[in-house]
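The values are calculated or read from the model by the stated rules, or taken from the named source; none is laboratory data. Given the structure is predicted, the values throughout are model-derived calculations rather than measurements. All Cβ positions, even for glycine, are placed from backbone atoms using ideal geometry, and neighbour counts span all protein chains on display. When the accessible area is computed, the model is the full protein with side chains, heavy atoms only, and any ligands, DNA or RNA have been set aside. Shrake-Rupley method; radii C 1.70, N 1.55, O 1.52, S 1.80 Å.
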Amino acid sequence: MKKVLIANRGEIAVRVIRACQELGLRTVAVHSTADRDSLHAKLADESICIGPGPSSKSYLSIPSIMSAAELAGVDAIHPGYGFLSENHEFANVCRAYGIKFIGPKPEHIQALGNKVSARALAEKAGVPMLPGSRGVVRTEEEAHAIAKEIGYPLIIKAAAGGGGRGMKIVHDEADLFRLFQLAQVEALNGFGNPDCFIERYCARPRHVEIQLIADEHGNIRHLGERDCSIQRRHQKLIEEAPCPVLTQAQRESIGATAVSLAKTVGYQSLGTAEFLLDEDGQFYFMEVNTRVQVEHPVTEFVTGIDLVKEQIKIAMGQELSAAVREAKLFGHSIECRINAEDPSTFAPWPGKITAYHEPGGPGIRVDSMVYAGYTVPSLYDSMIAKLISFGRDREEALTRMRRALREMKVDGIRTNIAFHLKVLDDPKFIEGDFSTKFLETFVPPSPQSSPQSSPQSSPQGG
Ligand code: MV4
């Protein structure tokens, strides 16, 4: 492998380019016409325009990307996250072209991408699961029978969904048929597949996910967990490693469970097994993500492993390195996703960044693609940077994150920096006492308290 095309944009494209550079690989960026001035296009050795702004005609267009791959003569494609990263057809097209897809096999993307077949695999591997339907629930009669068995509240999920899209919570029998029909219609319209399944609903869970890493020779291990409970409308905002409430015994139990699932499948590459952790400390399987995750840096900080480099080396056929095999967890890491958005309405706030300063210093990492003079386009995700802190313990990681959030400066657009500072000041958050419901009752800061809207002293010389 000598030359890699990065089929993505934004901070993850930059992240992958950096990993390739460290491995001595040539890089080919692809970009839409809206991304001509983007950092990923500037940093790569070559850069190819693949179409107009809308993703459907550029970053999601398999023919456009494959044409660029042919033209540049690449050996491999890294899909990043989002876009085509979990599209098994794309992975299959790469295979047909003789280009290495840096990720799992298409069969595994497909089997784990479908929540019903993923559940069946998890069951086979002995992974704890919430009571629910065995497979797809096709009729109202079947839904009724399952509901009688597991009781209320229950949740209806789309087999082709994921990340929380297309879920319906049902609190009593009177709503069951209506919500079941609605779930099927929305699943068909949203994912082209009406299949739904039913589970007992867990009211105040934490979202705990295990990082898996597996080579193409049967070696597999987990690299601990991340707690991603701080999210809004299924968009994660803050992630951390380790989960502040897990005991070492629970950690080992969830980790072993995730490894057993991956082994049952014969999984290869990076992957993430997601679990719900209920208030009694019981954990239950949710889904598997077959890509590198946005929040991978917190695991990198607590393990010292470069996950993207390891992912590429695995795709080159290498065995898990000694560093991965012997990795131990140390310290604590937190990630805050910085979005270009109105802090009170959460509406995206694209526009030109007139001034930009990234924080630094001990235990701080910034993964971003923006710079002073860059215009955040309105067509894509509003995340403009990830601020990641590390400390020997959670308190130190939190202190460093507060310091970094105060130091960061983004002028010309609105961001959620002040929002993060307010969360990091919340007693329940500081205690680690939160669930996925945390932000539902959280009051955003008033507009005046935004740090970057008040003048800051310029950096000192000498
Ligand atoms: C659940 C649940 C409660 N009970 N399943 C949301 C994302 C998708 N992976 C599954 N999700 C959930 N599944 C049962 N049986 C609650 C959620 C959920 C959630 C999970 C993780 C993080 C944030 C969440 C926000 C709302 C709902």
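Odds and ends about this structure:
- Selection within the stretch 313-329: residues that are assigned to a loop (DSSP other than H, G, I, E, B) and in contact (Cβ under 8 Å) with a residue 60 or more places away in the chain. The member of this set that is most open to solvent (accessible area, probe 1.4 Å) is Glu319.
- Top-ranked residue of the stretch 135-148 - restricted to ones that are away from the ligand (no atom under 15 Å from the Cβ) and closer than 24 Å to Leu261 by Cα, ranked as surrounded by the most Cβ atoms within 10 Å (Cβ to Cβ): Val136
- Qualifying residues in the stretch 216-269 (those that are out of contact with any Lys or Arg (no Cβ under 9 Å at 6 or more places or on another chain) and basic (Lys, Arg)) - the one most open to solvent (accessible area, probe 1.4 Å): Arg233
- Taking (1) in a loop (DSSP other than H, G, I, E, B); (2) more than 10 Å from the ligand (Cβ to nearest atom) in turn, Leu130 satisfies each apart from (2).
- Of all residue pairs spaced 6 or more apart or on separate chains, those with beta-carbon atoms under 6 Å, a first member in the stretch 149-163 that is closer than 14 Å to Phe180 by Cβ and a second member that is near the ligand (Cβ under 10 Å from one of its atoms) and of a type in the set (Asp, Glu) are Ile155/Glu199.
- Qualifying residue in the stretch 158-165 (condition: assigned by TED's automatic domain parsing to the domain that holds Ala418 and either in a strand (DSSP E or B) or within 16 Å of the ligand (Cβ to nearest atom) (or both)): no
- Residues in the stretch 60-106 that are in a loop (DSSP other than H, G, I, E, B) and among the hydroxyl-bearing types (Ser, Thr, Tyr): Ser61, Tyr81, Ser85.
- The residue pairs whose first member lies in the stretch 259-279 and is in the same structural domain as Ser435 (by TED's automatic domain parsing), whose second member is crowded, with 22+ Cβ neighbours inside 10 Å and among the hydroxyl-bearing types (Ser, Thr, Tyr), and whose beta carbons are closer than 6 Å, counting only pairs six or more residues apart or on different chains, are Gly271/Thr290.
- Selection count, the stretch 177-208, where residues are touching a helix residue (DSSP H, G or I) at 6+ places or on another chain (Cβ under 6 Å) and among the hydrophobic types (A, V, I, L, M, F, W, C): 5
- Any chance Ile156 is of a type in the set (A, V, I, L, M, F, W, C) and open to solvent by 10 Å² or more (accessible area, probe 1.4 Å): no
- Check on Lys100, among the basic types (Lys, Arg) and farther than 20 Å from Ile12 by Cα: no
- Scoring Gly151 on the criteria (1) within 16 Å of the ligand (Cβ to nearest atom); (2) open to solvent by less than 30 Å² (accessible area, probe 1.4 Å); (3) under 22 Å from the mean Cα position of the chain (by Cα) leaves a single failure, condition (3).
- Looking across the stretch 145-157, the residues that are among the aliphatic types (A, V, I, L, M) and in a helix (DSSP H, G or I) come down to Ala145, Ile146, Ala147, Ile150.
- Enumeration of residues in the stretch 85-108 that are of a type outside the set (Gly, Ala, Ser) and crowded, with 24+ Cβ neighbours inside 10 Å: Cys94, Phe101, Ile102, Pro104
- A count restricted to the stretch 30-80 and to residues that are open to solvent by 60 Å² or more (accessible area, probe 1.4 Å), aliphatic (A, V, I, L, M) and under 25 Å from the mean Cα position of the chain (by Cα) stands at 2.
- For the stretch 109-127, the set of residues classified as in a loop (DSSP other than H, G, I, E, B) and surrounded by 15 or more Cβ atoms within 10 Å (Cβ to Cβ) consists of Asn114, Ala125, Val127, listed by residue number.
- Listed by first and then second residue, the pairs with beta-carbon distance under 7 Å, at least 6 apart or on different chains, first residue in the stretch 11-28 and closer than 15 Å to Gln318 by Cβ, second part of a helix (DSSP H, G or I) and open to solvent by 20 Å² or more (accessible area, probe 1.4 Å), are Ala19/Lys309; Glu22/Lys309; Leu23/Lys309.
- Within the stretch 2-29, the set of residues being at positive phi and open to solvent by 60 Å² or more (accessible area, probe 1.4 Å) comprises Gly24 only.
- Qualifying residue in the stretch 174-182 (condition: within 20 Å of Glu287 (Cα to Cα), among the charged types (D, E, K, R) and open to solvent by 50 Å² or more (accessible area, probe 1.4 Å)): no
- When the stretch 166-180 is filtered for residues that are more than 11 Å from the ligand (Cβ to nearest atom), in a loop (DSSP other than H, G, I, E, B) and either touching a strand residue (DSSP E or B) at 6+ places or on another chain (Cβ under 7 Å) or more than 26 Å from Glu274 (Cα to Cα) (or both), only Asp172 remains.
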